[in-house]
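Only one structure is covered here, and it is reproduced in the block below.
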Amino acid sequence: MPRRFALPLILAPLLLGVLPLAAAMEAAPSPAPPAALARLPEDPRKLDRTVSYAEMEGILRELDGKGPLQLSVEGTTTKGRSLFLVHASRWQGGKASPWKILLFAQQHGDEISGKDALLFLLRDIARKPDLLPEEVDLWVLPMMNPDGAEAGTRRNGAGADLNRDHIGLEQPETQVLHRIALGIRPDVAVDCHEFARDPEEYREKGWAKWPDITFDGMNNPLFSPDLVGTARGWVDTIGGAEAKAGHPFLRYWVGGVPPREEQRHSAPDVDSAVNSLGMYGGLSFIAEAAAPTGKASTGDLGNRVDAYLTLFRTLLAGDGQRGEERKAIERARRRPLPAFLPTNYLWANPSAKVTRFPVLEVSTGRTLRIPTANLMTDLVVKRTVPTPLGYAVEPRAAAEFRRVLDGHGIPAETLAASRSVTAEACMLVRVEEEFDEVHSRYGGRQVVRCQEGKGQELPAGSLWVPLEGEASVRAALVLEPAALYGLYQLPRFRALAGPGGLLPVRRVVP
Ligand SMILES: [Zn+2]
């Protein structure tokens with residue numbers, strides 16, 4: 001009993017005393033609170049622990065307004081975290097528009113080094129604005145998946161793999177990225193990831209994966225070959241810069257151990273960022289740095305950050321490539337669609353070309369070059385459909401499709417009155433969910449059969465999406481019902497199939 005009363009009696013005078021003390025402390029010069037930026041070591045190679053979401057927010061708020069940097073919050077995740085965007089520009093205006101670069105990282109929450117490197121890049125530009133060329137307009141979204149970053153997971157707070165959501169745009173994070181990309185129309189976009197340097201099947205052989213960093217360009221076969229080639233040119237430029245900086249470099253690849261297993265370059269489908277951002281007409285890339293002992297490990301982090309900084313600085317410097325690239329981008333944006341749309345394509349090695357594939361021998365640190373004919377060299381198209389005039393979406397599915405079309409900046413007309421057209425109806429035969437060895441992809445392959453075109457009435461309230469103008473590449477890639485990897489891999493869109501699997505999108509033909 002007495003002790004219960006003793007406490008307030010002791011505290012009361014203390015509390016009374018605290019108030020004037022606090023006021024005095026405020027008035028007196030006090031040591032500055034530890035600055036958020038102090039979290040970043042002077043030398044990026046010394047970073048030994050990834051920057052958390054909260055630390056990143058502190059850093060970005062400190063950088064806001066410094067030099068050419070402006071911070072904004074572009075959206076919120078399902079768990080209520082902010083999606084931060086930094087815009088940096090010293091462009092004074094002029095005849096040509098600035099060269100717009102969009103860098104984004106950590107779509108996969110457990111792939112950390114791209115984000116860390118971007119924070120160093122921004123810190124350095126804030127201190128020395130000259131590091132940003134005047135003709136470059138830089139946009140940085142350092143952490144696309146804060147919920148996954150905080151949980152240490154690949155997926156976002158809603159359990160989705162964001163890098164499979166770039167066609168359906170069901171998640172707030174991908175919606176925000178595409179809204180930004182539509183607003184900016186970047187000339188260059190880079191999506192930053194990590195891969196496991198020493199997975200189990202490599203360790204069994206006493207090897208580790210050789211490169212510190214990999215990089216590749218957009219490759220969907222509907223893109224202008226001219227632009228895809230321009231992107232490949234950048235892969236070589238980055239490779240040269242990484243080699244000079246002492247970072248082993250390879251063109252991006254995924255797959256198993258050579259010589260028996262297959263390796264291939266990035267997936268050509270548009271449900272991942274590298275090709276979906278390519279739909280906006282600029283150059284688009286994926287980068288992956290090598291993380292040791294599982295993706296979540298922070299060991300060797302400084303080395304990966306350094307490899308990423310080498311990549312970013314090389315991109316910003318431009319290396320004298322921009323004049324020709326601008327022309328290639330402009331040509332590609334004006335290019336009409338080809339007569340056939342590729343719907344089924346895969347990596348292959350048509351001539352069984354032997355490649356000497358580098359791996360690291362862990363015990364000696366030596367580089368071994370393993371001859372293999374299982375590194376896929378070419379993207380081959382296995383099936384196409386004649387390019388239609390456009391697509392018509394049934395009224396019952398119009399709202400769902402309008403959301404996706406708006407998300408990708410694809411204009412569509414809602415028919416005020418019915419319209420007579422010749423159109424092909426398409427049926428969803430099945431969706432295959434198991435891993436597929438031929439396409440080297442996980443589930444979601446849609447098998448669709450389209451009927452011969454016949455005269456029919458599109459009812460009022462239908463959406464009409466003509467394949468014309470700058471958005472036609474996007475419209476074809478998003479809407480083509482016969483695509484092997486399309487919207488119907490997503491349950492939300494599969495549910496819109498009618499009786500007999502009739503899909504809500506018709507191909508309107510001459
Ligand atoms: Zn990833």
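Annotations for the structure displayed:
- Against the main long axis of the alpha-carbon atoms of the chain, helix 172-184 sits at an angle near 80°.
- In this structure, the amide hydrogen of TRP99, modeled 1.01 Å from its nitrogen in the peptide plane, lies closer than 5 angstrom to those of VAL136, ASP137, counting only residues at least 5 positions away or on a different chain.
- Under the Karplus curve 6.51 cos²θ - 1.76 cosθ + 1.60, θ = phi - 60°, whole-Hz ³J(HN,Hα) for segment 309-315, x wherever Gly or Pro sits: 5, 4, 4, 5, 5, 5, 4
- MRE, 222 nm, helices only [DSSP H, n ≥ 4, -39500 (n - 2.57), over the chain, to nearest 500]: -9500 deg cm²/dmol
- Distance between segment 40-61 and segment 446-502 - C-alpha centres, whole angstrom: 45
- Charge dipole (debye, nearest 20) of segment 52-183; +1 at Cβ of Lys and Arg, -1 at Cβ of Asp and Glu: 240
- Tensor-based shape of segment 219-371 (alpha-carbon gyration tensor, a/c under 1.5 rounded, otherwise prolate or oblate): oblate
- Between 0 and 90 degrees, the angle of helix 322-334 with respect to the longest Cα principal axis of the chain falls at about 40 degrees.
- Amide H contacts of ASP212: PHE249, each under 5 Å away and 5 or more positions distant or on a separate chain (H built 1.01 Å from N in the peptide plane; Pro and chain starts excluded).
- Solvent-accessible area of the chain (1.4 angstrom probe, protein heavy atoms only): carbon and sulfur portion equals 56 percent.
- All-pairs Cα distance distribution in segment 297-411, expressed in whole percent, bin size 5 Å: 2, 7, 6, 8, 11, 14, 16, 13, 10, 7, 3, 1, 0, 0
- Scaling the Cα radius of gyration of the chain by the globular reference 2.2 N^0.38 Å produces a ratio of 1.11.
- Placing +1 on each Lys and Arg Cβ and -1 on each Asp and Glu Cβ, with no other charges, gives segment 403-468 a dipole about its Cα centre of roughly 180 debye.
- Counting only DSSP beta bridges with both residues in the chain, the antiparallel share comes to about 70 percent.
- Ranking ILE101, LEU415, LEU283 by Cα position along the charge dipole of the chain, where only Lys, Arg, Asp and Glu carry charges on their C-beta atoms, puts LEU415 farthest toward the positive end.
- Once the Cα atoms are used to define both axes, helix 398-407 deviates from the longest principal axis of the chain by about 60 degrees.
- Whole-Å distance, taken between Cα centres, linking segment 221-258 and segment 63-138: 23
- Furthest towards positive pole of dipole, PHE493, GLN456, THR50, structure part the chain, Cβ charges: GLN456
- Divided by 2.2 N^0.38 Å, where N counts the residues, the Cα radius of gyration of segment 467-510 comes to 1.24.
- Rounded to the nearest Hz, the phi-derived 3J(HN,Hα) couplings of segment 486-500 under the Karplus curve 6.51 cos²θ - 1.76 cosθ + 1.60 (θ = phi - 60°) are x, 5, 7, 6, 9, x, 4, 8, 4, 5, 8, 5, x, x, x, where x marks glycine and proline.
- Its Cα centre serving as origin, the chain has a Cβ charge dipole (Lys and Arg +1, Asp and Glu -1) of approximately 300 debye.
- Converting phi to 3J(HN,Hα) with the Karplus coefficients 6.51, -1.76 and 1.60 and the offset θ = phi - 60°, segment 186-197 yields x, 6, 9, 10, 10, 9, 9, 10, 9, 10, 7, 5 Hz in sequence order, with x at every glycine or proline.
The values are calculated or read from the model by the stated rules, or taken from the named source; none is laboratory data. Please read all numbers here as calculations on a predicted model, not as lab measurements. Cβ sites come from the backbone with ideal geometry, for glycine too, and all protein chains shown count toward neighbours. These accessible areas exclude ligands, DNA and RNA; they are computed on the full protein's heavy atoms, side chains included. Shrake-Rupley method; radii C 1.70, N 1.55, O 1.52, S 1.80 Å.
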